[in-house]
Amino acid sequence: GQQLNQSPQSMFIQEGEDVSMNCTSSSIFNTWLWYKQDPGEGPVLLIALYKAGELTSNGRLTAQFGITRKDSFLNISASIPSDVGIYFCAGNFGNEKLTFGTGTRLTIIP
Amino acid sequence: ETGVTQSPTHLIKTRGQQVTLRCSSQSGHNTVSWYQQALGQGPQFIFQYYREEENGRGNFPPRFSGLQFPNYSSELNVNALELDDSALYLCASRPTGEAGYTFGSGTRLTVV
């Protein structure tokens, strides 16, 4: 099935560093969502974006809905150990299925 | 704490068998979707139900079927299990008008 292109595939950073990841699609979406998944758990919604150009923050997380409606990025500032996990973008067109990205695995190096 | 509960958490089945996975959503979450997540991949959409009617389906064969009940619970049934059906199966629900789905913790299905 279709998956959105997420980059980077994995990141190894030190605690306190900022993180940036993005997601691109060949199709436009009306909504972009960012989820975090911990081992053995389901994805947890971090940020939802509903409008092209929208910039939304949730604590140390900031995400933007690209103006072409084909991309989105997520930034995490001042990373902490609990940020470790896999981050997925997901696009939605209308009230239908979510199309997920391939995921970005974030690891914090001691 | 997630408002979506899935059971069982783990399951081992033999190729050719049938399996039923269950999900209980939050009150008011009229839309429920099921996803299959293979190891190292993002979730793949199986199908979606709205008020007990299927209203969207992904690229999965008919042996994947579902039901949604008035009490916000739902089922995913898979017949004639194949080895490639081994995956984490996720249930997700949302209230009408919202785009953000709440996911359950999933059922890890292993087909041997």
Practice item. Of the numbered conditions (1) more than 8 Å from chain A (Cβ to nearest Cβ); (2) surrounded by 20 or more Cβ atoms within 10 Å (Cβ to Cβ), B:F103 fails exactly one; give the number of that condition. Key: (1)
Review point. Do we have any residue at all in region B:13-23 that's more than 9 Å from every other protein chain (Cβ to nearest Cβ), of a type in the set (A, V, I, L, M) and not in a strand (DSSP E or B)?
Key: no
Study note, to complete from the structure: When restricted to A:G103, A:G85, A:G40, the only residue surrounded by fewer than 19 Cβ atoms within 10 Å (Cβ to Cβ) and at positive phi is A:G40
Point to revise | Condition check for A:I108: touching a residue at least 24 places away in the same chain (Cβ under 8 Å) and among the aliphatic types (A, V, I, L, M) | key: yes
Revision key, fill the gap. When (1) more than 9 Å from chain A (Cβ to nearest Cβ); (2) surrounded by fewer than 18 Cβ atoms within 10 Å (Cβ to Cβ) are applied to B:G56, the one that fails is (1)
Revision key, fill the gap. The strands (runs of 3 or more DSSP E) lying wholly within region A:1-82 that contain at least 2 residues that are among the polar types (S, T, N, Q) and either in contact with a strand residue (DSSP E or B) (Cβ under 7 Å, 6 or more places away or on another chain) or more than 12 Å from every other protein chain (Cβ to nearest Cβ) (or both) are A:5-7, A:10-14, A:19-24, A:31-37, A:55-58, A:61-65, A:71-76
Revision key, fill the gap. Restricting region A:83-97 to residues that are at the interface with chain B (Cβ under 7 Å from one of its Cβ atoms) and in a strand (DSSP E or B), the one modelled with the highest pLDDT turns out to be A:F88
Check your understanding: If B:H29 passes every condition in (1) over 11 Å from the mean Cα position of the chain (by Cα); (2) free of Cβ contacts under 8 Å to residues at least 40 places away in the same chain but one, which one does it miss?
Key -> (2)
Check your understanding: Tell me, which strands (runs of 3 or more DSSP E) lie completely within region B:53-97 with 1 or more residues that are at pLDDT 95 or above, at negative phi and within 14 Å of the chain's Cα centre (by Cα)?
Key -> B:64-68, B:73-78, B:87-94
Point to revise | Filter pass, A:F100 being under 22 Å from B:G3 (Cα atoms) and within 14 Å of chain B (Cβ to nearest Cβ) | key: yes
Exercise for review: Could you grab me the full set of residues in region A:65-89 that are of a type in the set (S, T, N, Q) and within 25 Å of B:Q41 (Cβ to Cβ)?
Suggested key: A:S72, A:N75, A:S79, A:S82
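The values are calculated or read from the model by the stated rules, or taken from the named source; none is laboratory data. All figures in this text were calculated on a predicted structure; none of them were measured in a lab. Heads up, the Cβs are rebuilt from the backbone with ideal geometry, glycines too, and the neighbour counts pull from every protein chain shown.
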